[in-house]
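Visitor: Quick one: structure below, then a few questions.
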Amino acid sequence: MTRDPEGSESWPARLGRRVENTALVLLLTAMLALAVGQILLRVATGSGPGWVDEALRLLVLWVGMFGALAASRDDRQLRIDLLSRYLPPGPRRMVELFVHAVTSVICAVMAWQAWRFVAAEAEFGATLFSGLPAWPFQSVLPVGFALLAWRHAVLAAGRLRSAPA
């Protein structure tokens, strides 16, 4: 998180937080509305629009990426780190530096592979919703993984700055 010397969040960080939170709320609301609407239509009429299931799968993908970004924003992602609980502060920062650096590299590789996937989908003309190109809907993958790689690189740099000499 980018902070000024007084400790308050900088305006770009506040804007990013607001954009991420707004996107998450809108995506979750759309998911909930579509799912409830689909259930009600199935109960009332025995069927619903065929595109809703496809839209819900895409929304799960988008919510997952935006949720991961929001969690990593405050370094609150899921982690399995029994070791770091018992380490003194200096070695703990070094372990966190290593974990964030490796996570950044893995996310960068995932962004590259997701880019290749989306480019292949665009090249082959894959479609969703009975004719719309699939690649714009799938573009959240390379963008999201690239942002996660950047965020973890920033977190690693922060641990490097606070590491003992």
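Visitor: Give the range 116-137 a look and list any residue that's open to solvent by less than 60 Å² (accessible area, probe 1.4 Å), free of Cβ contacts under 8 Å to residues at least 24 places away in the same chain and out of contact with any Leu (no Cβ under 8 Å at 6 or more places or on another chain), or say none.
Guide: 119, 120, 121, 122, 125, 126, 131, 136, listed by residue number.
Visitor: Pull out all pairs, ordered by first then second residue, where Cβ-Cβ is under 7 Å, the residues are six or more apart or on different chains, the first lies in the range 1-15 and is surrounded by 10 or more Cβ atoms within 10 Å (Cβ to Cβ), and the second is at pLDDT 70 or above and part of a helix (DSSP H, G or I).
Guide: If the second residue must be at pLDDT 70 or above and part of a helix (DSSP H, G or I), the pairs left are 1/13; 1/73; 2/12; 2/13.
Visitor: Hey, another quick one. Does residue 36 satisfy the condition of being surrounded by fewer than 11 Cβ atoms within 10 Å (Cβ to Cβ), among the aliphatic types (A, V, I, L, M) and more than 22 Å from residue 161 (Cα to Cα)?
Guide: yes
Visitor: For the range 151-165: of the residues being at pLDDT below 80 and of a type in the set (A, V, I, L, M, F, W, C), which is least open to solvent (accessible area, probe 1.4 Å)?
Guide: At the first step, the residues of the range 151-165 found to be at pLDDT below 80 are 162-165.
Now restrict to residues that are of a type in the set (A, V, I, L, M, F, W, C): 163, 165.
Working: 163: 25, 165: 150 Å².
So, considering only residues that are at pLDDT below 80 and of a type in the set (A, V, I, L, M, F, W, C), the one least open to solvent (accessible area, probe 1.4 Å) is 163.
Visitor: Residue check: is residue 74 over 17 Å from residue 145 (Cα atoms) and of a type in the set (Asp, Glu)? Show your work before the answer.
Guide: Details: over 17 Å from residue 145 (Cα atoms): no; of a type in the set (Asp, Glu): yes.
No.
Visitor: I'd like to verify a number: residues in the range 74-101 that are of a type in the set (A, V, I, L, M), outside any loop (DSSP other than H, G, I, E, B) and either farther than 28 Å from residue 21 by Cβ or open to solvent by less than 50 Å² (accessible area, probe 1.4 Å) (or both), how many? Show your work before the answer.
Guide: Step one: list which residues in the range 74-101 are of a type in the set (A, V, I, L, M), which gives 78, 80, 82-83, 87, 94-95, 97, 99, 101.
Checking the rest, the ones that are also outside any loop (DSSP other than H, G, I, E, B) come to 82-83, 94-95, 97, 99, 101.
Those left that are additionally either farther than 28 Å from residue 21 by Cβ or open to solvent by less than 50 Å² (accessible area, probe 1.4 Å) (or both): 82-83, 94-95, 97, 101.
Matching residues across the range 74-101 total 6.
Visitor: Among all residue pairs at least 6 apart or on different chains, which show Cβ distances below 6 Å where the first residue, located in the range 86-97, is in contact (Cβ under 8 Å) with a residue 60 or more places away in the chain and the second is exposed (fewer than 14 other Cβ atoms within 10 Å of the Cβ) and of a type in the set (Ser, Thr, Tyr)?
Guide: Listed pairs, sorted by first residue: 93/162.
Visitor: Taking the options 68, 30, name whichever one is surrounded by 14 or more Cβ atoms within 10 Å (Cβ to Cβ) and touching a residue at least 40 places away in the same chain (Cβ under 8 Å).
Guide: The unique qualifying residue is 68.
Visitor: Also, quick follow-up: From the list 98, 117, 129, pick out the single residue that is at positive phi and of a type in the set (Phe, Trp, Tyr).
Guide: When all the criteria are applied, what remains is 129.
Visitor: Given the conditions (1) open to solvent by 60 Å² or more (accessible area, probe 1.4 Å); (2) at pLDDT 90 or above; (3) over 30 Å from residue 156 (Cα atoms), and given that residue 58 satisfies all but one, which numbered condition is not satisfied?
Guide: Here residue 58 meets the rest and fails (1).
Visitor: Restricting attention to the range 42-52, does a residue exist that is within 14 Å of residue 129 (Cβ to Cβ), surrounded by 11 or more Cβ atoms within 10 Å (Cβ to Cβ) and in contact (Cβ under 8 Å) with a residue 24 or more places away in the chain?
Guide: Yes, some residue in the range 42-52 is within 14 Å of residue 129 (Cβ to Cβ), surrounded by 11 or more Cβ atoms within 10 Å (Cβ to Cβ) and in contact (Cβ under 8 Å) with a residue 24 or more places away in the chain.
The values are calculated or read from the model by the stated rules, or taken from the named source; none is laboratory data. Because the structure is predicted, anything quoted here is derived from the model rather than measured. We place every Cβ from the backbone using ideal geometry, glycine too, and count neighbours over all the protein chains shown. The protein model used for the area step is the full one, side chains on, heavy atoms only, and it has no ligands, DNA or RNA in it. Shrake-Rupley method; radii C 1.70, N 1.55, O 1.52, S 1.80 Å.
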